[in-house]
1. How high is the relative contact order of the chain, given as a whole-number percent (alpha carbon pairs under 8 Å, six or more residues apart)?
2. 7 Å from Cα along Cα→Cβ at both Glu64 and Gln28: what's the point-to-point distance in nm?
3. Pick out, in residue order, every one of the trypsin sites (Lys or Arg not before Pro) in region 44-81 that is DSSP loop and has at most 16 other C-beta atoms within 10 Å; say none if there are none.
4. Note down the net charge around Ser32, summing +1 for each Lys or Arg and -1 for each Asp or Glu among other residues with Cβ under 13 Å from its Cβ.
5. More than 14 Å apart: what percent of Cα pairs in region 52-91 qualify?
6. How long is region 7-107 along each principal axis, judged by its Cα atoms, biggest number first, in Å?
Amino acid sequence: MDKGAPANKLILEAAYTTLSYSLADPKQFGRSAPFTKKGKYNGFITHLQLCNLIKKWRYFFDPEQKVSYIHQRDQIIAYDNVRSIKVKAQYVQDTHLVGAMVFEIGNDDFSGDCG
């Protein structure tokens, strides 16, 4: 929109996939932390796989990028959750975007195992 794209022609995407990384230094994590490769989960895992890790790993929320992530040892995983989806939905309303979508709903916790 800063470059002139009309808000009424834009759709915001929320991904129901996660991004996992192996950190170069396990003690340095969060924004701009150097990483060496895709995480041990090969870069992507579903929310269903993620829900078991959330219970065991340390949770963080990046206030600038409005995204959740978890960290354990040399692994970090970023993902959308209720908190980040609410922020994105409010952004869609505030900026009058045409709407929002998720990709891909099949990666959600469709069985309700996570609660």
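1. Values: 191 pairs, mean separation 43.0, N = 115.
It rounds to 37 percent for the chain.
2. For the pair Glu64/Gln28, the computed spacing is 1.6 nm.
3. Numbers: sites: Lys55, Lys56, Arg58, Lys66, Arg73; in loops: Lys55, Lys56, Lys66, Arg73.
Qualifying residues, ordered by number: Lys55, Lys56, Lys66, Arg73.
4. Working: positive: Arg31; negative: Asp25, Asp62, Glu64.
Combined, the nearby Lys, Arg, Asp and Glu give -2.
5. Details: 350 of 780 pairs.
Tail of the P(r) past 14 Å holds 45 percent of the pairs.
6. Sorted from largest, the Cα extents of region 7-107 read 42, 28, 23 Å.
Coordinate-derived values only; no laboratory data. These numbers were taken from a predicted model, which means no experiment stands behind them. No Cβ is skipped: glycine too gets one built from the backbone with ideal geometry, and neighbour counts run over all protein chains shown.
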